[in-house]
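Only one structure is covered here, and it is reproduced in the block below.
The values are calculated or read from the model by the stated rules, or taken from the named source; none is laboratory data. Because the structure is a prediction, the values reported are computed rather than measured. Note that each Cβ is placed from the backbone with ideal geometry, even for glycine, and that neighbours are counted across all protein chains shown.
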Amino acid sequence: MPCFSFAESKNSCFRSNFIRAGLRSTLTDLKDGATTMHCWLPKSPNPSKPNLLLLHGLGPNATWQFADLIRHVTPHFNVYVPDLLFFGDSSTTLPDRSESFQAECVMRVLEAHSVRAFSLVGLSYGGFVGYRLAAQYREAVERVVICCAAVCMEEKDLREGVFTVSDLDEAASILVPQTPSKLRELVKHTFFRPPPLGFLPSCLLRDFIEAVFKDFVQEKKELILAIPENRKLSDLPKIHQPTLIIWGEHDHLFPLQYAYKLKMHLGDNAQLAIIKNAGHAINAEKSKEFNKQIKSFLTNVKRSQISPSANNSC
């Protein structure tokens, strides 16, 4: 007898939370004959509110990753939450797997809904996409939050053993897990204090994999393989928007050195907040601190209003 689908039940719960927050689910055809993007957007945008874009990372769709943050930001912003390509109901038949292409598609969705200016939060892989948005559409992006996204990584870092898993195919098999053992590895790599999945029956883990990781498996792996390809710090443009960098102190997926490297790359235009006793999954492991840092940075108009104590600590 199959296990009851807790994952699907949770998925319905998260969708209901988004709806209660005043968002609606939409599909946008990008008119290229190949690409459709799903996005949550305000049922009734308030012209007196600024706009905020939330970009998720690898893993579950956006409703899972921003389930808690959404209630903190919707009172202050018109919030837009797309599923990136090959997540949720977003897909393309085009071969481009770059974050630049993801950024272009997100921008076309926003333009289709008359969003001309916005701030953004990019979580992990979404941070790579968000950084490209800020670089490619400088006039549209107002403020930037990059969360645990090693945009300063270089292809040579893989050869030099910077990462705990340097083999990209192995990394992809962990980041897009298809077995309970790989899901356990993913949790071990992304949490500072991993929840005890060893006590859960494998049927529950398979249920989660079926609900979250079964679609577009090959395409997601191709997204991962494309991240470091020909990547050099000297080629990374500097973004000029006020930027907050948030990182988990014990991030094993993207080590903390990349937070400092990004801060150095951006200079005085950026500030760094390190969340203690947290790994890569800071949105889940330390949601209270994570939400507080983001809300403070985005809702304070002047950068000087952000406490200097946010630098290097939570």
query = So, of the residues in segment 105-114 that are in contact (Cβ under 8 Å) with a residue 24 or more places away in the chain and surrounded by fewer than 19 Cβ atoms within 10 Å (Cβ to Cβ), which turns out to be farthest from Ser91 (Cα to Cα)?
reply = His113
Residue, nearest to Leu58 (Cα to Cα), within segment 281-303, restricted to residues that are in a loop (DSSP other than H, G, I, E, B) and in contact (Cβ under 8 Å) with a residue 24 or more places away in the chain = Ala281
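Only one of these is of a type outside the set (D, E, K, R), at pLDDT 95 or above and part of a helix (DSSP H, G or I): Gly127, Gly122. Name it.
Residue meeting the stated conditions: Gly127.
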key: Residues of segment 255-280 satisfying the condition of being touching a Ser or Thr at 6+ places or on another chain (Cβ under 8 Å), at pLDDT 95 or above and not in a strand (DSSP E or B)   = Leu266, Lys276, Gly279, His280
request  = Would you mind finding the one in Ser124, Ser90 that is under 11 Å from Leu55 (Cβ atoms) and buried (at least 22 other Cβ atoms within 10 Å of the Cβ)?
outcome  = Ser124
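How many residues does segment 178-220 contain that are under 20 Å from the mean Cα position of the chain (by Cα) and either more than 24 Å from Ile282 (Cβ to Cβ) or part of a loop (DSSP other than H, G, I, E, B) (or both)?
Kept after step one, since they are under 20 Å from the mean Cα position of the chain (by Cα), are these residues of segment 178-220: 183, 185-192, 194, 208-209, 211-220.
Now narrow it down to the ones that are either more than 24 Å from Ile282 (Cβ to Cβ) or part of a loop (DSSP other than H, G, I, E, B) (or both): 191-192, 194, 213-219.
Qualifying residue count for the region: 10.
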query = Any residue in segment 48-66 that is of a type in the set (D, E, K, R), free of Cβ contacts under 8 Å to residues at least 60 places away in the same chain and under 20 Å from Asn283 (Cα atoms)?
reply = no
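For segment 156-175, what are the residues that are farther than 28 Å from Ile209 by Cα and in a helix (DSSP H, G or I)?
Lys156, Asp157, Arg159, listed by residue number.
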query = So which residues in segment 57-81 are of a type in the set (Phe, Trp, Tyr) and under 20 Å from Met37 (Cα atoms)?
reply = Trp64, Phe66, Tyr80
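For residues in segment 147-177 being surrounded by 14 or more Cβ atoms within 10 Å (Cβ to Cβ) and over 21 Å from the mean Cα position of the chain (by Cα), which is nearest to Lys221 (Cα to Cα)?
Step one: filter segment 147-177 for residues surrounded by 14 or more Cβ atoms within 10 Å (Cβ to Cβ), giving 147-154, 157-158, 162-163, 165, 168, 171-177.
With over 21 Å from the mean Cα position of the chain (by Cα) added as a condition, the list becomes 157-158, 162.
On the way: Asp157: 19, Leu158: 16, Val162: 20 Å.
Applying the filter and picking the extreme gives Leu158.
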key: Single match in Phe77, Phe86 (criterion: aromatic (Phe, Trp, Tyr) and touching a strand residue (DSSP E or B) at 6+ places or on another chain (Cβ under 7 Å))   = Phe77
message = Can you find, within segment 127-146, the residue that is surrounded by the most Cβ atoms within 10 Å (Cβ to Cβ) among those that are over 20 Å from Gly248 (Cα atoms) and hydrophobic (A, V, I, L, M, F, W, C)?
response = Leu133
message = Cβ contacts < 8 Å: first residue touching a residue at least 40 places away in the same chain (Cβ under 8 Å) and more than 22 Å from Gly130 (Cα to Cα), restricted to segment 152-174; second residue of a type in the set (Gly, Ala, Ser) and assigned to a loop (DSSP other than H, G, I, E, B), any location; separation 6+ or different chain. Result?
response = Leu158/Ser166
note = Gln241 meets each of (1) under 28 Å from Ala171 (Cα atoms); (2) within 20 Å of the chain's Cα centre (by Cα); (3) at pLDDT 95 or above with one exception, condition (1)
ask   = So, of the residues in segment 99-134 that are within 19 Å of Pro42 (Cα to Cα) and among the charged types (D, E, K, R), which turns out to be nearest to the chain's Cα centre (by Cα)?
value = Arg108
task = Return a yes/no flag: does segment 2-15 have any residue that is more than 23 Å from Ala150 (Cα to Cα), modelled with pLDDT of 95 or more and assigned to a helix (DSSP H, G or I).
result = no
message = Exactly one of these conditions fails for Leu223: (1) modelled with pLDDT of 90 or more; (2) surrounded by 20 or more Cβ atoms within 10 Å (Cβ to Cβ); (3) out of contact with any Lys or Arg (no Cβ under 7 Å at 6 or more places or on another chain); (4) not small (Gly, Ala, Ser). Give me its number.
response = (3)
